[in-house]
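Let me begin by presenting the structure, written as structure tokens, before commenting on it.
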Amino acid sequence: MSTSERFDCHYCKDSLLGKKYIMKEDTQYCTKCYENLFANCCEGCSSPIGCNCKVRKHQCCPKGNGSDITNV
Ligand SMILES: [Zn+2]
Ligand SMILES: [Zn+2]
């Protein structure tokens, strides 16, 4: 017998049934919350990178090699 487990986003409590979700440390999050909570920021433009990307920057952004950063 299986208990009817709830399957909601840990953060916003939206139902994840039939939706895309992401597990982190045994906790599930909807993609939106995951992005808000855990997404990395792009090294090129500093905006959040989608949670599906394992890269450190957007493909369209210039390479941030650390030496071009202008100190204002
Ligand atoms: Zn959520
Ligand atoms: Zn970018």
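Under 8 Å between Cβ atoms, at least 6 apart or on separate chains: pull out the pairs that start in the stretch 41-65 with a residue that is modelled with pLDDT of 65 or more and end on any residue that is away from ligand 1 (no atom under 16 Å from the Cβ) and outside any loop (DSSP other than H, G, I, E, B).
S47/C41; P48/C41; I49/C41
Starting from the stretch 7-26, keep only residues that are farther than 16 Å from A39 by Cα, then list their pairs with residues that are charged (D, E, K, R) and surrounded by 12 or more Cβ atoms within 10 Å (Cβ to Cβ) whose Cβ atoms are within a distance under 6 Å, requiring at least 6 positions of separation or different chains.
Hits for this filter: S15/D8.
The values are calculated or read from the model by the stated rules, or taken from the named source; none is laboratory data. In this text the structure is predicted, and so the values were computed from the model without any measurement. Glycine also receives a Cβ, built like all others from the backbone with ideal geometry; neighbour counts cover every protein chain displayed.
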